[in-house]
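Worksheet: one structure, shown below.
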Amino acid sequence: MSIPPSGRLNESNWLIFILASTVLSFGVISTTLSFGIDVFFSHLLYIPVILTAYHFTRRGILFSLAIAVLYVADVAVLASPDLSLLIITLGRGAMFILIAAVVVFLSTRLRERELRYHGTFDYSEAGMCLIGEPDLIILEANRQCARIAGYPYGEANGTPVAKFWTDAPARERFFAELRRNGTVRGFETSISDSGGSPLWLLLSGGVLDQHTYIVAMVDITDRKRTTEEIRAANKRYVEILDSMPDAIHVIDRDMRIVLFNRVFQRWCRDLGISHLAGAIGRRFDEVFPFLPPSVGEEYRQVFSTGRPLETEERTQIQERQVVTHTTKIPVSENGTVERIVTVIRDITSLKDAEASIRESEERYRAVVEDQTELISRFLPDGTQVFVNDAYCRYVGKTRDEIIGTRFKPCIPTEDRVRLDALLSSLTPESSTGVIEHRIIMPDTTVRWQQWIDRGFFDEQGTLREIQSVGRDITATKDAEEAHRRSEDLYRTVFETTGSATMILNEDGTIWRANSEFSSRFGFFSEDLEGKPALDLFEEEERGRLRLYHRDRRGSGPFPPRSYETWIIDQQGMRRDVMLTVDMIPETRQSVVSILDLTAQKQAERLITVANAINQLIVHERNVTDLLISACDEFGRLNRYFVVSIALKHGEILRPVAISDERFTGMHFSGFESRLFSDAVESGNVMFETFSEEDGMHPFNALLIVPMAVENDVKGILSFYMYPQALMHDQDIASMKTLAEDLAFAIKAIAIETEKRLALEQIERNIEQMAVLNDHIRNPLQAIVGLADIEGGDLADKIFGQAQEIDRIIHRLDIGWVESTKIREFLVKHYGMGK
């Protein structure tokens, strides 16, 4: 991705502005030079030099060189400079080039950081875009945002938000809250993509500046569709219950009614019970206070044993006595009975008929007592002795065609084996059995039946007769199969949703966690089920999460749907995560979707540390202070790192700083390892893991990054890592870059120090030259005086040589004056002599 040009000017405007400032500056300088002013106005040339070096980094230094040459030529032509002015002019020209080089370096570093920031923006897993006021135009959209909107990358830029977000009231609410509060989180809304297809998004936003917003979005369309499908499945489940002929209601472990079908409602209305409107969520004994306490004991028995229970109950309702055949069927989840489905069949009329024929034969009395639908009595050898009309109609034969024969319906072989085993297991102590099996009808269709088989034994315990009472349960089986398929569908969606997800019970325990959760955080699903979910989170966060869990099910303020927190994975490492929590409709359970932000947070911390270290490199001029401060910054990167820095002196590594003073001893003694010498010799990054026997407790890994510049290793940057530490290849590459920056800074500081020392030596030489002139001139005057006293030819020769020496000393004095000007330049620009 290319970096956009800095500022708001385009390429041609930059060139015009730079050219105009250059021409104007040279015009002012030429004018002032003609009047003998050569000090102040030369600084105007810094403007085009800095602008060119900043915007045109590759041509900045060449441009500054051209400016310097033109400036020197201008001074040489217009000012007729002496040696001191020429030296000053050359120094200013060199300063133009030096400043251009510094600006080019800083501009390049700035653009590299911009590239990193744009990379984080463009390749974020969440869709992100920048929106400008006042027309709400998309200024820039990352790749994920363009994918969500259905546009090729880059084509969404400049598009009004209203083109996608056609729901004007929702759009106005979002931006109104953003302007008012500065941030918006967890805002659900729908938009249309480029093809007009509706999408559901979860939006979060923040204010970048007075005219720009940043908005992050997550596509939750699949989750919305899943919720609708679950709601539709529940509706189908209720419709199936409503289509069944028996009165049915469901209670939970708190004895509260959670569901009833229409037949139950109609049956209660026929009995004069008209207050069912508020029955859902109330205890059954509050809704039906006339029920005896034994009913509650029966429910508790089923919850305890997990076995179905069939009873016949006589109940006085107002002025009417009702007899019912009740079947309490347990519904288990994870081995625990959570609900009981109660199937009620009003057999009052049957019991009344039973009383009217009580004097009939005993076998028919037994048949009437157990009568439900299909009734058959047969001998142990299979001979049929009685069938009712319903049985005959069901199998399509008359009573005469069946009685006295060993008639057997067509039953699949595997079901026949189970039926024979059940009949063989009947004993006087256990004379009743229940079985469900298939039957093949004359038209080859397959139906399901449920039979209650009861054996009749004589006084010797010999089986004399078997009575079977059955009913067609094909509709129930079809409903169960539909329910199973529905559960399979939901389980498939749950397991393949692509994000780590778990479902929590009302008590905060984990009901189920999908495979993505297990693979991402290292837990096995079976180990998590039934475990308190709070045990997975950082201890300091548990109070807040417990309060959110409670408020989400209470009447208090509703907690946020999405928020950040920390999970402790199987390895004990703290992971930054974003939780999105919502209640499952018509249940007390909640679904938790987990987005792992660990890598993103690590990258943000790394960017912060990189910025801080770059600031230190720019401002710090002492190597030791620079490395100590840099070590402190590296120590803030990750709580599971201990960072140390050592400088190379000859062939020896000398420790400089460590981020945790508890390990200072290891810091001063640990550089004897061959791993450090290999890193110094090769200049390559080294990595090594430790076992408990290596004596490096509490660390289990070491990363060594050489601080090298131009293949010259200046020192070592070491990362001692706890078992919980996490470092990706991209992080290691960033560490290497920062280490190279530190090496460059160390080299730059050393060069600057050497230059300063050289300049100080020049000043001492100048001072010594001035003293030497005085030491020569004083003895020379004495020699001339003595020659004058002596007179003669020898004196004349001495006078001639003395004059020659004096001329040489005079030239040295002129050079000393010029050197004094150079000294003043050094004092002004390098702080010498201060």
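The values are calculated or read from the model by the stated rules, or taken from the named source; none is laboratory data. Computed from a prediction, not measured in an experiment: that's the story for all the values here. In this analysis, Cβ positions are derived from the backbone assuming ideal geometry, glycine residues included, and neighbour counts consider all displayed protein chains. Heavy atoms of the whole protein, side chains included, go into the accessibility calculation; ligands, DNA and RNA do not. Shrake-Rupley method; radii C 1.70, N 1.55, O 1.52, S 1.80 Å.
Assessment of segment 585-597 against the conditions (without any contact (Cβ under 8 Å) to a residue 60 or more places away in the chain and under 30 Å from VAL258 (Cα atoms)) yields at least one matching residue.
With the structure loaded, tell me whether LEU423 is surrounded by 12 or more Cβ atoms within 10 Å (Cβ to Cβ), within 60 Å of the chain's Cα centre (by Cα) and at pLDDT below 90 or whether it fails that test. Answer is no for this residue. Within segment 140-166, being surrounded by fewer than 16 Cβ atoms within 10 Å (Cβ to Cβ) and either within 19 Å of GLY206 (Cβ to Cβ) or in contact with a strand residue (DSSP E or B) (Cβ under 7 Å, 6 or more places away or on another chain) (or both) holds for ASN157, GLY158, PRO160, THR166. Residues in segment 331-352 that are in contact with a His (Cβ under 9 Å, 6 or more places away or on another chain) and either within 30 Å of ASP527 (Cα to Cα) or loosely packed, with under 15 Cβ neighbours inside 10 Å (or both): VAL341 only. Looking only at segment 442-463, which residues are surrounded by fewer than 14 Cβ atoms within 10 Å (Cβ to Cβ) and either within 17 Å of TYR391 (Cβ to Cβ) or not assigned by the TED database to the domain that holds ALA390 (or both)? Selection gives PRO442 alone.
Number of residues in segment 429-441 that are of a type outside the set (A, V, I, L, M) and either more than 18 Å from PRO380 (Cβ to Cβ) or open to solvent by 70 Å² or more (accessible area, probe 1.4 Å) (or both): the value is 4. Within segment 744-752, at least one residue is touching a residue at least 24 places away in the same chain (Cβ under 8 Å), within 20 Å of ALA657 (Cβ to Cβ) and crowded, with 18+ Cβ neighbours inside 10 Å. Taking (1) surrounded by fewer than 18 Cβ atoms within 10 Å (Cβ to Cβ); (2) under 30 Å from GLU752 (Cα atoms) in turn, ALA599 satisfies each apart from (2). For residues in segment 528-554 being open to solvent by 50 Å² or more (accessible area, probe 1.4 Å) and touching a helix residue (DSSP H, G or I) at 6+ places or on another chain (Cβ under 9 Å), which is nearest to ASP569 (Cα to Cα)? This residue is ASP535.
The strands (runs of 3 or more DSSP E) located wholly in segment 484-572 that include 1 or more residues which are in contact (Cβ under 8 Å) with a residue 40 or more places away in the chain and of a type in the set (Ser, Thr, Tyr) occupy 500-504, 562-568. Exactly one residue among ALA500, ALA482 is closer than 24 Å to ASN514 by Cβ and in contact with a strand residue (DSSP E or B) (Cβ under 7 Å, 6 or more places away or on another chain), and that residue is ALA500.
Where helices (runs of 4 or more DSSP H) fall entirely within segment 230-312, those with at least 3 residues that are open to solvent by 50 Å² or more (accessible area, probe 1.4 Å) and either among the aromatic types (Phe, Trp, Tyr) or assigned by the TED database to the domain that holds VAL341 (or both) are at 262-270, 293-305. Residues in segment 703-726 that are surrounded by fewer than 20 Cβ atoms within 10 Å (Cβ to Cβ) and under 23 Å from ILE568 (Cα atoms): TYR722, PRO723, GLN724, ALA725, LEU726.
Residues in segment 555-596 that are out of contact with any strand residue (DSSP E or B) (no Cβ under 7 Å at 6 or more places or on another chain) and either in the same structural domain as ILE280 (by the TED database) or surrounded by 17 or more Cβ atoms within 10 Å (Cβ to Cβ) (or both): MET573 only. Candidates in segment 198-228 are the residues that are open to solvent by 50 Å² or more (accessible area, probe 1.4 Å) and in contact with a Ser or Thr (Cβ under 9 Å, 6 or more places away or on another chain); of these, the one that is nearest to ILE138 (Cα to Cα) is VAL207. Residues in segment 217-252 that are more than 17 Å from SER593 (Cα to Cα), under 41 Å from the mean Cα position of the chain (by Cα) and at pLDDT 80 or above: VAL250, ILE251, ASP252. Looking only at segment 587-633, residues that are in a loop (DSSP other than H, G, I, E, B) and modelled with pLDDT under 80 come to 2 in all. Here LYS736 does not qualify as in the same structural domain as ALA657 (by the TED database), crowded, with 20+ Cβ neighbours inside 10 Å and within 21 Å of VAL680 (Cβ to Cβ).
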